[in-house]
Amino acid sequence: MTAIDDLLADARIPTSPADSFDVGAALRRLAADSVKTTPAPDILKTRQAAQRLSVVCRWILNRPDAADHVDRLAEDPTTDTTSASFEDHLDVDGALVFACLLYLTGHRESAQFWWQLAAGAGLRTAAYCLHLHHLALGERREAQHWLHQVTDNLLDSEVPDQAFLDCLEAIALYVRNHGYMADPPTGGLEMEVDRLADHASGACIIVHRPDRRLADRLHDFARR
């Protein structure tokens, strides 16, 4: 036998049953690998919170009266967001809608600011958004604080606390399953928000109140 014959003999493909591919073992290895790659519970909670917040924000932005509230927020003559008169004349629902628009267009710190204004005025939906926002950031203490505001402390007491929270959870689930009823912001809306963000001055990175141009664009979004 030549050297070439020896090499060919060593390179032959095994055909005996003992050398056959074990499908069962391969499937077990795949199952074990999938368990290893399952996210930790805390990571899973943060992802779920972020997804739910996006769903809730889209639902709020698509409400029939969303553009009207932002209209009133844009028309408010008070421009100083730190003054007492600003909070007294704040359209709370407009602040909520604007915060959700800011969140969906990537301005998360500004969204937190406007949610806090609305929550401080007693709007529990804004407090719920803050709960999900902090939960998505892994800030569990802050998330618990705002959940407490939803269920215990805020001024709106017409709806029982737990019933209100259950309603928000049900809405989030429904909108997630019927996404066509809650579209994300259009490119035009995002451009208007970015324009406002570009006007932020000095060290302040918070997007100030919406103006007429953004309110008009939101009306266009509502009529689509």
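Across the range 191-196, computed HN-Hα scalar couplings (Karplus, 6.51 cos²θ - 1.76 cosθ + 1.60, θ = phi - 60°) run 5, 5, 5, 4, 4, 5 Hz from first to last residue, x flagging Gly and Pro.
Would you mind calculating the gained length between Glu142 and Asp183 on full extension (0.36 nm times residue separation, minus the Cα-Cα distance), in nm to one decimal? Write out the running numbers ahead of the final one.
Working: separation 41, 0.36 × 41 = 14.76 nm, distance 2.89 nm.
Net length gain for the segment: 11.9 nm.
Expressed in nm to one decimal, what extension gain is obtained for the pair Ile43 and His89 from 0.36 nm per residue of sequence separation less their Cα-Cα distance?
On the way: separation 46, 0.36 × 46 = 16.56 nm, distance 3.98 nm.
Gain in length upon complete extension: 12.6 nm.
Peptide packing: for 92-98, 185-191, the average count of neighbouring Cβ atoms within 10 Å per residue gives the ranking 92-98, 185-191, highest mean first. The 3J(HN,Hα) values that the Karplus relation (6.51, -1.76, 1.60; θ = phi - 60°) gives for the range 123-131 are, in residue order, 8, 5, 4, 5, 5, 5, 4, 5, 4 Hz. Gly and Pro appear as x. Applying 1/(1 + (r/R0)^6) with r as the Cβ-Cβ distance of Arg108 and Arg223 and R0 = 30 angstrom yields a FRET efficiency of 0.60.
Where a number appears in this text, it was derived from the coordinates with a stated rule and is not lab data. All of these numbers come straight from a predicted model, not from anything done at the bench. A quick note on method: Cβ atoms are made from the backbone with ideal geometry, for glycine too, and the neighbour counts reach across all protein chains shown.
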